[in-house]
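Structure record follows, encoded as structure tokens.
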Amino acid sequence: MITCSPLIDSHCHLDFPEFDPDRSQVLTTAFEQGVEVICVPGTESERWEPLLQMCSDIQKPVKLFAALGIHPWFVGQHEPNDLQRLAEYFETNEHIVAVGEAGLDFALQSVNRKAQMFWLTEQLELARQFGKPVILHARKAHDLILKQLRQKPVKQGGIVHAFSGSEQQAYQYIEQGFCLGFGGGITYPRAKKTRALAASLPLSSLVLETDAPDMPLCGFQGQRNEPAQLTVVLETLAELRREPKAEIAEATRLNTIKILSLLP
Ligand SMILES: [Zn+2]
């Protein structure tokens, strides 16, 4: 079923090996479901080059945009000179739309918190330096991240992906110029708090995402997630908000274009 307005998946790891066998089919299916644009965030330095290649090369119906950064899960395998490399990418490649995904994941015990803080702080600094928005990964660490943003704002704001914080934290991010990403998480009835927030926050601050191949939707546990599932995220959000699907599709599309300064 084709939705009324083209959709943007603001967060999909299309470069991950899970998509190697059938990446172009995945994109065709997504396009048939109304997904016209996908933003692919970076995760670790060894994937930066292939990610950029994929976004520029691939013969595809869907337009791809790249963000580049170091995900908090992978900070342990990076060295300070990777920061220099990252800065060089931003200096020389004008097609990279954002820094990220960067952030703090304190739900994960195995990654050193100090190292996570270091890489977040440095990547926020890069965003300020190059005037880019940031794609944030934040789990059990919203207040720490917000403190950093308040002390030294990132002018272009960004997206807090797969938002699962409190209402107060949501509004604090919005105050800092951030949009909040909602994805498959809202399809789970048990996610009461996040669903209530998705229903009540201003539409002007929401963007859609799948986080594919991760975050399978309710009913699809254990399967690979795909960008085509964005339509289900949209339908769920429309039901939760009791607003027309077309209105949400259009608003979230425009929000994503604006926050990431996506060129046509
Ligand atoms: Zn991600």
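Remark: region 209-252 carries 42 Å² of accessible area per residue (probe radius 1.4 Å; ligands, DNA and RNA excluded). Most simply put, region 120-264 has about 0% antiparallel DSSP beta bridges, counting only bridges with both residues inside it.
In region 7-259, the portion of solvent-accessible area held by carbon and sulfur atoms comes to 50 percent [1.4 Å probe, whole percent, DNA, RNA and ligands not counted].
Take the Cβ atoms of SER166 and LEU263, set R0 to 35 Å, and the FRET efficiency comes out at 0.50. For the chain, pairs of C-alpha atoms spaced more than 22 angstrom apart make up 51 percent of the total.
Taking Cα centre as origin and charging only the Cβ of basic (Lys, Arg, +1) and acidic (Asp, Glu, -1) residues, the dipole magnitude of the chain rounds to 1040 debye. Principal axis extents of the Cα atoms in region 174-264, from largest to smallest and rounded to whole angstrom, are 34, 27, 26. Taking all protein chains into account, the per residue accessible area for region 1-152 stands at 45 Å² (1.4 Å probe).
When all protein chains stay in place and ligands, DNA and RNA are ignored, the 1.4 Å accessible-area order of TRP73, TRP119, largest first, is TRP73, TRP119. In terms of packing, defined here as the mean over residues of other Cβ atoms within 10 angstrom, the peptides 181-189, 162-170, 206-214, 80-88 line up highest first as 206-214, 181-189, 162-170, 80-88. Residues within the reach of a label modelled at ARG224 (point 7 angstrom out along Cα to beta-carbon, backbone nitrogen below 16 Å), restricted to region 65-91: there are none.
The values are calculated or read from the model by the stated rules, or taken from the named source; none is laboratory data. Note that the coordinates shown come from a computational prediction; the quantities given were computed from them, not determined experimentally. Ideal geometry is used to build each Cβ from the backbone, glycine not excepted, and the neighbour counts take in all protein chains shown. Quick note on the areas: whole protein, heavy atoms, side chains included, nothing else; ligands and nucleic acids left out. Shrake-Rupley method; radii C 1.70, N 1.55, O 1.52, S 1.80 Å.
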